[in-house]
Amino acid sequence: MRPTNQGYRMLLAVLICVAAVAGCATFRNTLAQDQALERWQMCQGKAPDVTLKEVRPDGQIWFLYSSPSGLAKAHECLREAAVTQRQRATTPGANVAVVQSAAVAETSSKGGAAVAISSLAAAPVWKIGDEWAYRYQSSSADGTYVWSVVRSETMDGMDCYVIKTGDRELFYRKQDLAFVRDVVSGVVVGRATPPKPDYQWPLTVGGKWEVAYTSENWRDKRTQQLSTQWEILGEETITVPAGTFQTLKILARNARTGTRLYELWYAPAVKQWVKIREWLEAGERTREMTEYRLR
């Protein structure tokens, strides 16, 4: 039915889609939902011609609007709220806490010798509903996204975790978290053959390894033969918006040229890296964890 000039024309629109994700959790919001709801609350009273309909698990905000001006105001306010939310996350607040392994905490409380974090860094077991929120910043762009473990699936004969972020699904082999493939809106856009492991378990300070694989970019129809060298430089305690963590600092280089690709800080306590510094063709980019939830 075409709208008439009488009464409001109520149109349903998807306006904001967080560049990341979360899986559905029973009886509680996902991280992406909570962040989207916070942005919506910031806009209360600033866009009077809109009404919230729902916030989906992946952070999409669906609402009704009754005028073009209301739509424009909602767009602008939600963009500003996203900036405020992102900037606030750059400075750890009073809720920051030191996160360490239970084994380390127990040993320390008994007055015994500290357990090296590297002795605890076995391959983690992710659970459906585990979520990690990040912010990223570079000279050309900045933003936020959420990773959420949504299911297990067999892919190319391998048992994989599936991480969802927006309309993207990333497949990681369970045994070692090696990257398998990248799927967007149900279409495969990238694959690593053989799967590309970013870690050599168990992680040990001084450990070095090299990974050779073929990177297939199905969007650009481009295939590259790549080889990376990895080294665990040492243990380091770092603070990011999500808290203060005991980590292992890992450096990756191009095996052929020696050029730095990225360095990351992996925190066993949260089963994920909490910070990455990347050297890309477009320049340097930094990503930091802002929040996490583990099942």
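What the table shows:
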read-out	value
Among residues of the range 212-242, those that are farther than 24 Å from TYR136 by Cα and either of a type in the set (Lys, Arg) or in contact with a Phe, Trp or Tyr (Cβ under 7 Å, 6 or more places away or on another chain) (or both), counted	3
The range 277-295 - residue that is assigned to a strand (DSSP E or B) and farther than 13 Å from ALA133 by Cα and, of those, farthest from the chain's Cα centre (by Cα)	GLY283
Extreme residue, surrounded by the most Cβ atoms within 10 Å (Cβ to Cβ), among residues of the range 142-170 that are touching a residue at least 40 places away in the same chain (Cβ under 8 Å) and among the β-branched types (Val, Ile, Thr)	VAL146
Answer residue from the range 252-268, given it is within 19 Å of the chain's Cα centre (by Cα) and over 23 Å from ARG191 (Cα atoms) and is surrounded by the most Cβ atoms within 10 Å (Cβ to Cβ) among those	ALA267
Residue ID - nearest to THR144 (Cα to Cα), chosen from residues in the range 246-277 that are in contact (Cβ under 8 Å) with a residue 24 or more places away in the chain and hydroxyl-bearing (Ser, Thr, Tyr)	TYR266
Count - residues of the range 217-251 that are part of a strand (DSSP E or B) and either under 22 Å from the mean Cα position of the chain (by Cα) or β-branched (Val, Ile, Thr) (or both)	19
Only listed residue being over 25 Å from THR257 (Cα atoms) and either within 22 Å of the chain's Cα centre (by Cα) or of a type in the set (Gly, Ala, Ser) (or both), chosen from GLY186, GLY190	GLY186
Subset of the range 266-295 (residues that are touching a Leu at 6+ places or on another chain (Cβ under 7 Å) and among the aromatic types (Phe, Trp, Tyr))	TYR266, TRP273, TRP279
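All of the numbers you see were taken from the coordinates with simple rules; none came from a lab. This one's a predicted model, so the numbers in the text were calculated from it and none came from an experiment. Counting neighbours? That spans all protein chains shown, and the Cβs are built from the backbone with ideal geometry, glycine included.
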